[in-house]
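Following: one structure in structure tokens, then a few remarks.
The values are calculated or read from the model by the stated rules, or taken from the named source; none is laboratory data. These figures come from a predicted structure and were not determined experimentally. Every residue, glycine among them, receives a Cβ derived from its backbone with ideal geometry; neighbour counts consider all protein chains shown. The area values use the complete protein model at the heavy-atom level, side chains included, leaving out ligands, DNA and RNA. Shrake-Rupley method; radii C 1.70, N 1.55, O 1.52, S 1.80 Å.
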Amino acid sequence: MKNILVIAEHDHATLKTATLNTVSAAQSIGGEIHILVAGNNCAGAAAASARIPGIAKVLQADAGHYAHHLAEDLAVLIAGLAKDYSHVLAPATTFGKNLMPRVAALLDVTQLSDIVGVESTDTFVRPIYAGSLLATVQCSAPIKVITVRSTAFAAAASEGGTAPVETVPAAAPLGVARFARQELTQSERPELTAARIVVSGGRGMGSGEGFKLLEDIADQLGAAVGASRAAVDAGFAPNDYQIGQTGKIIAPELYIAAGISGAIQHLAGMKDSKIIVAINKDEEAPIFQIADYGIVGDLFKVLPELFAELDKLPPA
Amino acid sequence: MKILVTVKRVADYNVKVYPKADGSDVEIANVKMSMNPFDEIAVEEAVRLKESGNATEIIAASIGVSQCQEVLRTALAMGADRAILVETGAAPEPLAVAKLLKALVEREQPDLVILGKQAIDGDCNQTGQMLAALLGWGQGAFASKLTLGEQETEVTREIDGGLETLILKLPAVVTADLRLNEPRYVKLPNIIKAKKKLLTTLSPGDLDTVLAAQLTTLKVAEPPKREAGIKVADAAELVAKLRNDVKVI
């Protein structure tokens, strides 16, 4: 069998955690694992990749036109390298989802999105219909191009390895797209996909001000704040808070859902959380069918009480 | 400026689907089918570009079984000028769809192709990016804002952590995310008018495209069910359970 290439997601200096989950998926396929770090002045991210235990080799492609991870330019580079590999994996983040279908099409192979399980070197499990069904799919393509759902694979260790870093030449820029600007949500709270605890609000929050209650509780718990699509559509919360089929997929240790009814599209994004708490005034809300602990009540009464109770709590 | 917009016929957003009794695939016989919601957003965007004088013609395309004509008629009722169905058997894989669309692009020469970012059945999120790759065009995937110029288009994209804006040379491919717009309700007179609009049916052979499948579905099953837990009386009891029983806070 040929080797596996993992495409690192990084900010040039450091690796994004989803890369470690992707390495873990590569390990469950089995074989020699290489990591590609393509960026601009990305020696930091390449060095971090080399420290992951069990990596055979890190490939570093450094060029100005990789500064913003444009799929158009990265896909040409990756398709060129991919011919030496049996599998090419990337995280199923907006980075990987944007890039990997482009890589697959250049290689004239199919692509597998968002895998949650590895059955063998050519057979994978992936969610369909917003995660209400799981499909086991066998892929006959000579190169398997795959995106990995990070919540389904534990993060690989990040320290202890000493893989060599090899420089690979950049491919010529395609020249069809250029970066203009980026507006990232500034927050002191942990990133949604990496947070241990997530406090999330739905349409029941009633307003953007209602979210202030959630933010206070999130800060007490060191949690991230999330939202249902309904809350985002209503303008209560920014879109990058969105959890569900069309937003982020998360699996924290504790998920607190306030004023979220539990549409299947939302459950798709959080049902693998370890402990789920639901606060909703509607006793019949579907969210209670999957919640470990439920409080039926007015969240404008329950949330301040929860804040007060957490405030009283001695440090663990 | 000519726009090609794509629509897929999928199980309706509100329908719960089940595996077939033998677990071989998804049971979609007798399930209510509708236009993929992201494709509605794509059609709406194309129609708005025409209404604002930025586009002159909108062609709606669908790939699949003969009944896909229904979703094409919806696109025509929303404001597309004409429609093309590439009739195939069972659902082709995204790469095959992208190849058929590439052939349609070569035939119709649009300046912009707008697709939904993903279909809510397979949740693949691939076709637009694949089409852009096959054409060597720029891609604005997961678009929440689109501004069309003469030679270029500015696309704001939903990315993890915020927004990113790219400038793409035209022609280009754009895939629609939820916040791009809110699709209109189709009015009855427009549904009647849509019946008179041109709908052409082609075969993959007409487009000189051979469809090869690389994926075999071995099994479709429901994920393990999560058991409902207990109701607690108030915040104090909840905090006690979280602290002492499951030790997550």
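Roughly how far apart, in whole Å, are the Cα centres of the stretch B:179-224 and the stretch B:1-72?
Taking the Cα centre of each part, the stretch B:179-224 and the stretch B:1-72 sit 4 Å apart.
Using DSSP to call loops (not H, G, I, E or B), can you name the trypsin sites (Lys or Arg not before Pro) in the stretch B:186-220 whose Cβ has at most 15 other Cβ atoms within 10 angstrom?
Numbers: sites: B:187, B:193, B:195, B:196, B:197, B:219; in loops: B:187, B:195, B:196, B:197.
Here the sparse-neighbourhood loop sites are B:187, B:195, B:196.
Of the GluC sites (Glu not before Pro) in the stretch B:103-190, which ones lie in a loop per DSSP and count no more than 16 other C-beta atoms within 10 Å?
Numbers: sites: B:106, B:108, B:150, B:152, B:154, B:158, B:164; in loops: B:150.
Passing both the DSSP loop test and the Cβ count: B:150.
So, counting K/R as plus one and D/E as minus one, what does the shell of residues with Cβ under 11 Å around residue B:48 add up to? Please report the intermediate quantities before stating the final value.
Working: positive: B:50, B:184; negative: B:44, B:45, B:51, B:182.
The answer is -2.
How big is the charge dipole of the stretch B:152-249 about its Cα centre, in debye rounded to the nearest 20, if each Lys and Arg gets +1 on its Cβ and each Asp and Glu gets -1 on its Cβ? All intermediate terms of the calculation are to be shown ahead of the outcome.
Working: 16 positive and 14 negative charges, 120 e Å.
Dipole size: approximately 580 debye.
Cα extents of chain A along the three principal axes, largest first, in whole Å?
Principal extents (Cα only, largest first): 60, 41, 38 Å.
With the contact rule set at Cα under 8 Å and sequence spacing of 6 or more, what percent relative contact order holds for chain A? Each step should come with its number before you reach the end.
Working: 699 pairs, mean separation 45.4, N = 316.
Value for chain A: 14 percent.
In the neighborhood of residue B:199, defined by Cβ-to-Cβ distances under 9 Å, what is the net charge if each Lys or Arg adds +1 and each Asp or Glu adds -1? Mind showing how you got there, number by number?
Working: positive: B:73, B:82, B:197; negative: none.
That works out to +3.
Any idea of the accessible area per residue across the stretch B:1-76, 1.4 Å probe, to the nearest Å²? Kindly include the intermediate steps, with their values, before the conclusion.
Details: 3200 Å² over 76 residues.
Accessible area per residue: 42 Å².
Report, as a whole number in µm² per second, the diffusion coefficient that Stokes-Einstein gives for the stretch B:84-155 at 37 °C and 0.692 mPa s using the Kirkwood radius over alpha carbon pairs.
Values: Rh = 13.3 Å.
Reported coefficient: 247 µm²/s.
Determine the residues within the stretch A:213-260 where the difference in accessible area between the chain on its own and the full set of protein chains amounts to at least 30 Å²; count protein heavy atoms only and use a 1.4 Å probe.
A:229, A:239, A:240, A:245, A:246, A:248, A:254
Within chain A, which is the longest segment that contains none of the GluC sites (Glu not before Pro) sitting in a DSSP loop with at most 11 other Cβ atoms within 10 Å?
A:1-158
Could you give the size of the charge dipole of chain A about its Cα centre, using +1 on the Cβ of each K and R and -1 on the Cβ of each D and E, expressed in debye and rounded to the nearest 20? Please report the intermediate quantities before stating the final value.
Values: 23 positive and 32 negative charges, 129 e Å.
My answer is approximately 620 debye.
Among DSSP beta bridges whose residues both lie in the stretch B:2-224, state the antiparallel percentage, nearest 5. Kindly include the intermediate steps, with their values, before the conclusion.
On the way: 18 of 45 bridges.
Roughly 40 percent of the DSSP beta bridges within the stretch B:2-224 come out antiparallel.
Determine by what factor the alpha-carbon radius of gyration of the stretch A:266-316 differs from 2.2 N^0.38 Å, reporting the quotient. Kindly include the intermediate steps, with their values, before the conclusion.
Numbers: Rg = 12.6 Å, N = 51, 2.2 N^0.38 = 9.8 Å.
So the Cα radius of gyration is 1.29 times the expected 2.2 N^0.38 Å.
Add -39500 (n - 2.57) for each DSSP H run of 4 or more in the protein assembly as shown, then divide by its residues: what number comes out at 222 nm, to the nearest 500 deg cm²/dmol?
Values: 14 runs with 147 residues, N = 565.
My calculation for the protein assembly as shown gives -8000 deg cm²/dmol from helical runs alone.
Return the carbon/sulfur percentage of the accessible area of the stretch B:2-224, one whole number, probe 1.4 Å, all protein chains in place. Walk me through the numbers before you get to the answer.
Values: 4680 of 9280 Å².
The value for the stretch B:2-224 is 50 percent carbon and sulfur by accessible area.
Between the stretch A:84-111 and the stretch A:209-246, how far is it from one alpha carbon centroid to the other, in angstrom?
Each part reduced to its Cα centre gives a spacing of 31 Å.
In chain A, what percentage of the DSSP-assigned beta bridges are antiparallel, given to the nearest 5?
Details: 9 of 54 bridges.
If we restrict to bridges inside chain A, about 15 percent are antiparallel.
Across the stretch B:2-224, what fraction of all alpha-carbon pairs, as a whole percent, falls in each successive 10 Å bin from zero upward?
P(r) over the stretch B:2-224, rounded to whole percents: 8, 34, 37, 18, 3, 0.
In debye, nearest 20, what is the charge dipole magnitude of the stretch B:2-224 about its Cα centre with +1 on Lys and Arg Cβ and -1 on Asp and Glu Cβ, if you could check?
The calculated dipole for the stretch B:2-224 is roughly 680 debye.
Report the Cα-based extents of the protein assembly as shown along its three principal axes, largest first, to the nearest Å.
For the protein assembly as shown, the Cα extents along the three principal axes come out at 71, 64, 50 Å.
Would you mind counting up the charge near residue A:299? Only other residues with Cβ under 12 Å from its Cβ, with Lys and Arg at +1 and Asp and Glu at -1. Mind showing how you got there, number by number?
Numbers: positive: A:203, A:281, A:301; negative: A:282, A:298, A:305.
Value of the local net charge: 0.
Can you find, among A:227, B:153, A:94, the residue sitting farthest towards the positive end of the charge dipole of the protein assembly as shown, where Lys and Arg contribute +1 and Asp and Glu -1 at Cβ?
Working it through, the farthest residue towards the positive pole turns out to be B:153.
With contacts defined as alpha carbon pairs under 8 Å and 6 or more residues apart, what's the relative contact order of the stretch B:2-224 in percent?
On the way: 491 pairs, mean separation 57.0, N = 223.
It comes to 26 percent, rounded to a whole number.
Spelling out what I want: for every residue of the stretch A:254-264, take phi, set θ = phi - 60°, compute 6.51 cos²θ - 1.76 cosθ + 1.60 (Karplus), and round to whole Hz; glycine and proline get x.
Computed from phi, the couplings for the stretch A:254-264 are 9, 10, 10, 9, 10, x, 10, 6, x, 4, 4 Hz.
Quote the total accessible area buried by chains B and A together, excluding ligands, DNA and RNA, probe 1.4 Å, nearest 100 Å². Don't jump to the answer; show the numbers that get you there.
On the way: alone 14390 and 15100 Å², together 22430 Å².
Counting both chains, the buried surface is close to 7100 Å².
Which whole number gives the average count of other chain Cβ atoms within 10 Å of the Cβ atoms across peptide A:91-98? Present the calculation step by step, with values, prior to reporting the outcome.
Details: counts 1, 1, 3, 10, 2, 0, 10, 12.
Across A:91-98, the average partner-chain Cβ count within 10 Å equals 5.
Set the bar at 28 Å for Cα to Cα. Now go through B:20/B:187; A:301/B:16; B:32/B:219; A:57/A:144 and name every pair that lies beyond it. Please report the intermediate quantities before stating the final value.
Working: B:20/B:187 36 Å; A:301/B:16 34 Å; B:32/B:219 23 Å; A:57/A:144 20 Å.
With Cα atoms farther than 28 Å apart: B:20/B:187; A:301/B:16.
Within the stretch A:13-108, which trypsin sites (Lys or Arg not before Pro) sit in a loop by DSSP and count at most 14 neighbouring Cβ atoms inside 10 Å? Provide the component values of the computation, followed by the final result.
Working: sites: A:16, A:51, A:57, A:83, A:97, A:102; in loops: A:16, A:51, A:83.
Loop-located and lightly packed - A:83.
For chain A, modelled as a GNM with alpha-carbon contacts under 10 angstrom, which of A:76, A:176, A:58 fluctuates the most?
Sorting by GNM fluctuation, first place goes to A:176.
Counting only other chains, and only Cβ atoms inside 10 Å, what mean value do you get across the residues of B:142-154? Working shown, then result.
Values: counts 4, 0, 1, 0, 0, 0, 0, 0, 0, 0, 2, 0, 2.
For this peptide, the per-residue mean of nearby foreign Cβ atoms is 1.
What percent antiparallel are the DSSP beta bridges of the protein assembly as shown, to the nearest 5?
On the way: 40 of 114 bridges.
Once the DSSP bridges in the protein assembly as shown are tallied, antiparallel ones form about 35 percent.
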